[in-house]
Every structure is written in structure tokens, then in C-alpha cells.
Amino acid sequence: MADTVGNLEAKDYGIGIPQKMPGFFLKGSGNLEWGMKDRLARIFNARSGNTVMLAFDHGYIMGPTSGLERMDLTIVPLIEYADCLMCTRGALRQIVPPASNKPISLRASAGSTVLTDLNDECLIGIEECARLNASMVAVMVAIGSQFEALTIRNLTTMVSDGTKYGIPVLGVTAVGKELTRDARYLGLASRVCAENGAHVVKTYYCTPDFEKVTATCPVPIVIAGGKKLAEAEALQMAYEAIDQGAAGVDMGRNVFQAEHPVAMIQAVRAVVHDGVKPAEALALYNELKNIKQ
Ligand code: R5P
């Protein structure tokens, strides 16, 4: 079982054959109970099957990142355009108006910053997540790093705790400096999250072979945006990810660091929910950026 040499290479990906989804519109979720499905249906749009999550949890490891210096000024105006907000409990209580009524993907693991070794994390208690009405809780999983075992334990603990309250868990595949963002690694990390009970997986887009990552992950994948790209490139990446089986984006810097964030999040929505092609989405961005917000 633990042989690392001589294993047969995965090859039967069934690309183009959708995973059967009896009982619910999200893959791998048909056997969940009502509360889990209700929370997931708040995050994912039943028409498109996809979601645009706005990630602004970066401060918990990076401090006042560009675009997040004053979240009250930069993030609050974006909230109405997001399907779900991915943030820390600090930011949630400090700047997110409760009346905005958006589902929350709560960052539920923390413990170290960019100044030391990332991913040496512990968990927020599930009662606190329930108190904050989290629709999902996000746990970092650092496969292949020195904190692999610790972070997988965090994931399994949160899945067991979340199940008691009907709160789904987002497994976030961490990418350390020394790890490669290729389909083989991201596919392994995503599958490990799903097998350990994650209901949704967040990972990075890669090329080539991202469709192998989504095909072999039995739950929905949302992609992180990663470092800021030109708007055209970010829209292209979102389009390719959806086209190759992602169920949405959990995007931060490519939205809030865009020259016109409100226009950018709307262009991303057009790609994710309506399958708008990248060139058309860029045209939409250029049109919207001239409208005074
Ligand atoms: C992930 O672990 C981070 O905390 C962010 O939520 C994630 O990287 C998404 O943000 P970005 O699109 O800026 O990469």
C-alpha cells in the first residue's frame, strides 16, 4: 500500500464523462444531509453549478497586503457581487456588514505567517464557526510539506466536527515555495483532501492537464487566483479552469488588486456563470470600468 516505487500510473481519467450526481447538483454531495446541502446551495449557484467566492483572508499570513490595507474601503463595495465571502473571523466581525447576508467560507485554521514556516496551524472550534453562521469552513492542507500530517489531522478533525453541525469543509491545498504546481501534485493534493472528507477543494489552476485534476477529484474544485496577473490573463485562466471542470473561483488578488475591482468581479462572474469567453469578458471589464461606481 505504501509502495512509492512501481505503482501503476493513473491513466483512466474519463475526461468528458461527467461524474453522476444523483440527489444534488454538486458532484460528490448527493448523500449529504439537508443542512450540508442547504449551506452548499447558498455558495454554489444551482443554475450554473458554479460560484464566485471573494477571498480576502490574506492578512492572516501576510498582514496588510496591497488592496487589503483598508478592507472597509476596498472589500465592502465588492461584497454585493460575490456569491460567497472567504475571510477570517477577525475580518468578518470587523468589516463585513451582517446584513449583507452572504454565505461565509470561514478561514478556520491558522497558526503561522510568511515570516516563519507556513502551515503550522491549529483549528478554530466548530462552535465558533457555527456562532458566526459559517456556510463552509476552510482548512489549509499542506501535502508534501513538513506539516502534512498536522494539516491532514486538522482537516479530518474539522470534517468530523463540521458533520455534527451540518457545516461543509473546504480543503485548501497549500503550495509551499518548494512544491510544484503541476497536475500531478495538485491532483494528488486535491484527491487527498476529498478522500479525507473535504466537501469542496480549493486548488490552483495549472497547465497542461488541469482537467485531470478536476476529473480525479470527486468533489467540486474552486481555483485560487494566485498572484496578480493582467486582467486579460486572469479572465483567460478563469475561463480555462471552468472549461476544464472547475466549479468556480475563490479569487482574491486578481479581483481586489485589479485596477477596477468592481468591474473585474463582474467580468469574472460572466465567465464563471455564463461561460462568457475571455475576450468578451475583457470587453465587459473595459465597459464597466468606465461606469462611475
Ligand atoms: C489561500 O489560502 C489564501 O488565503 C487565499 O484565500 C487564496 O490564495 C485565494 O486568494 P488569491 O486569489 O489571491 O490567491
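The values are calculated or read from the model by the stated rules, or taken from the named source; none is laboratory data. The model shown is predicted, which means the values in this text are computed figures rather than measured ones. As a convention, Cβ positions derive from the backbone with ideal geometry for all residues, glycine included, and neighbour counts pool all protein chains shown.
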Expected output for segment 108-122 (first residue touching a residue at least 24 places away in the same chain (Cβ under 8 Å), partner aromatic (Phe, Trp, Tyr), Cβ below 9 Å, 6+ apart or cross-chain) is 110/60; 112/147; 113/60; 117/147; 118/147; 119/147; 120/147; 121/147
Taking segment 78-89 and keeping residues surrounded by 14 or more Cβ atoms within 10 Å (Cβ to Cβ), of a type outside the set (Val, Ile, Thr) and more than 9 Å from the ligand (Cβ to nearest atom) leaves 78, 81, 82, 83, 84, 85, 89
Tell me yes or no: at least one residue of segment 62-69 is under 24 Å from residue 229 (Cβ atoms), within 15 Å of the ligand (Cβ to nearest atom) and assigned to a strand (DSSP E or B).
no
The correct count of residues that are within 16 Å of the ligand (Cβ to nearest atom), part of a loop (DSSP other than H, G, I, E, B) and touching a Cys at 6+ places or on another chain (Cβ under 7 Å) in segment 151-208 is 1
Checked segment 26-61 for anything over 16 Å from residue 90 (Cα atoms), of a type in the set (Asp, Glu) and not in a helix (DSSP H, G or I); matches are 33
Scanning segment 160-184 residue by residue, those within 23 Å of residue 251 (Cβ to Cβ) and modelled with pLDDT under 95 turn out to be 174, 175, 176, 177, 179, 180, 181
Restricting segment 209-227 to residues that are in a loop (DSSP other than H, G, I, E, B) and free of Cβ contacts under 8 Å to residues at least 40 places away in the same chain, the one farthest from residue 13 (Cα to Cα) turns out to be 227
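For (1) in contact with a Ser or Thr (Cβ under 6 Å, 6 or more places away or on another chain); (2) within 20 Å of residue 169 (Cβ to Cβ), each residue gets a yes or a no:
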{"residue": "77", "(1), (2)": "no, no"}
{"residue": "81", "(1), (2)": "no, no"}
{"residue": "84", "(1), (2)": "yes, yes"}
{"residue": "88", "(1), (2)": "no, yes"}
{"residue": "98", "(1), (2)": "no, no"}
{"residue": "101", "(1), (2)": "no, no"}
{"residue": "107", "(1), (2)": "yes, yes"}
{"residue": "110", "(1), (2)": "no, yes"}
Of (1) within 16 Å of the ligand (Cβ to nearest atom); (2) outside any loop (DSSP other than H, G, I, E, B), residue 266 fails just (1)
Of the candidates 194, 130, 183, 134, the one satisfying the condition of being surrounded by 24 or more Cβ atoms within 10 Å (Cβ to Cβ) and of a type in the set (Gly, Ala, Ser) is 134
When segment 253-279 is checked residue by residue, the ones that are buried (at least 24 other Cβ atoms within 10 Å of the Cβ) and under 27 Å from residue 216 (Cβ atoms) are 254, 268, 271, 272
Tell me, please, whether a residue that is over 21 Å from residue 241 (Cβ atoms), at pLDDT 95 or above and surrounded by 21 or more Cβ atoms within 10 Å (Cβ to Cβ) can be found in segment 36-45.
yes
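Let me confirm something: among 136, 140, which residue is touching a residue at least 60 places away in the same chain (Cβ under 8 Å) and within 17 Å of the chain's Cα centre (by Cα)?
Values: 140 fails: touching a residue at least 60 places away in the same chain (Cβ under 8 Å).
Of 136, 140, the one residue that is touching a residue at least 60 places away in the same chain (Cβ under 8 Å) and within 17 Å of the chain's Cα centre (by Cα) is 136.
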Looking across segment 249-260 at residues that are within 12 Å of the ligand (Cβ to nearest atom) and not aliphatic (A, V, I, L, M), the single one that is nearest to the chain's Cα centre (by Cα) is 250
